[in-house]
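The values are calculated or read from the model by the stated rules, or taken from the named source; none is laboratory data. Computed from a predicted model, the values in this text were never measured in an experiment. Cβ placement follows ideal geometry from the backbone for every residue including glycine, while neighbour counts extend to all protein chains displayed. Accessible surface areas use protein heavy atoms only, side chains included; no ligands, DNA or RNA. Shrake-Rupley method; radii C 1.70, N 1.55, O 1.52, S 1.80 Å.
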Amino acid sequence: MDNWFTEELHPYYRKSLRVKRFLADEQTQYQHIQIVETEFFGNALILDGVIQLTERDNMGYHEMLVHVPMLAVGKPGRVLIVGGGDGGSLQQALRYPSVEEAVVCELDQRVVDLSRQHFAASFGDPWADPRARLIVRDAFDFLEENPGQFDVIISDTTDPIGMAERLFSDKFYKLMVRALSPGGAASTQCEQPFFDTELIKKIYKSAKKLTKHPAYYYANIPTYPGGGIGFMYVSNTPWAKGLKSKYPPGKNKYINPEVHKAAFALPEFFRKELYG
Ligand code: SPM
């Protein structure tokens, strides 16, 4: 049998993974969740037809999204993950002994349940950690009710389509920065320089109005369109402060001090667009 899953996020670009078998296929109130076993990338989580993670290459995404703000803060105590129901970011955040509580604010309980079932080999069971707290609700309201509460906020979302579009708005960035404690730092899933230039520029502008040291950085993820994805670092603390911090216990598969630093170096066409 020759089975392929093809992602068509962009009308001009397609990407396919060879599938061994379907492990879950479910329409929830919010989205279409599929989990497939692929031939090379291990199990993959697909939401509304878009690849969210694979077991083989998710480490670049989760390690860079989580460790860059965590290391900049140094010893974060309270962490908020917006989205992130698959548990990949939670697993990384809980590696820090300083973390007292890691709250995951996820809209769809089924993403948590199905990921817990099918990604245990990669993520373990971070939900079993007594410091983990799941809140199944809309992140906007939660952020609004929690000003100044979190040392690190990680926005681990889908692409800006449908419900998730709001998570890329000025209003969301305002609420997110307001929910940070003094000295806190945030990072957000911030799309692809080739495909999403205008959106990234708009987000950078918002972040610049709200904080002193926003910066865009990038990681290679072969299963995302363009082979990678970027993140917005949002804080009054420069990201480079994190280069002096110690990595948490446990093994990194992607980030190291050289990669951490190099991730902020942007190709000229994009650097000019973003920073002028
Ligand atoms: N915890 C994993 C969630 C992944 N969220 C990001 C998925 C992005 C997929 N599409 C990338 C396209 C960028 N334009």
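Values computed for the structure shown
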{"quantity": "Residue among L243, L274 that is aliphatic (A, V, I, L, M) and touching a Pro at 6+ places or on another chain (Cβ under 7 Å)", "calculated": "L243"}
{"quantity": "Of all residues making up region 116-138, the number that are of a type in the set (V, I, T) and open to solvent by 40 Å² or more (accessible area, probe 1.4 Å)", "calculated": "1"}
{"quantity": "Total residues in region 241-265, condition open to solvent by 30 Å² or more (accessible area, probe 1.4 Å) and among the hydrophobic types (A, V, I, L, M, F, W, C)", "calculated": "4"}
{"quantity": "Options D141, D151, D113: the member that is open to solvent by 60 Å² or more (accessible area, probe 1.4 Å) and either under 21 Å from V99 (Cα atoms) or in a helix (DSSP H, G or I) (or both)", "calculated": "D141"}
{"quantity": "Pick from region 1-18, criterion away from the ligand (no atom under 16 Å from the Cβ) and closer than 25 Å to E191 by Cα, ranking: most open to solvent (accessible area, probe 1.4 Å)", "calculated": "W4"}
{"quantity": "Residue satisfying condition, being of a type outside the set (K, R), out of contact with any His (no Cβ under 7 Å at 6 or more places or on another chain), open to solvent by 10 Å² or more (accessible area, probe 1.4 Å) and within 15 Å of the ligand (Cβ to nearest atom), within set Q27, Q52, Q92", "calculated": "Q52"}
{"quantity": "Given (1) over 21 Å from P249 (Cβ atoms); (2) open to solvent by 20 Å² or more (accessible area, probe 1.4 Å); (3) in a loop (DSSP other than H, G, I, E, B), index of the condition S98 fails", "calculated": "(1)"}
{"quantity": "Subset of region 173-190 that is part of a strand (DSSP E or B) and open to solvent by 10 Å² or more (accessible area, probe 1.4 Å) - its residue that is farthest from the ligand (Cβ to nearest atom)", "calculated": "P182"}
{"quantity": "Residues of region 191-240 classified as crowded, with 16+ Cβ neighbours inside 10 Å, within 12 Å of the ligand (Cβ to nearest atom) and not hydrophobic (A, V, I, L, M, F, W, C), total", "calculated": "11"}
{"quantity": "Answer from V177, V259 - the residue that is in contact with a helix residue (DSSP H, G or I) (Cβ under 6 Å, 6 or more places away or on another chain) and at pLDDT 95 or above", "calculated": "V177"}
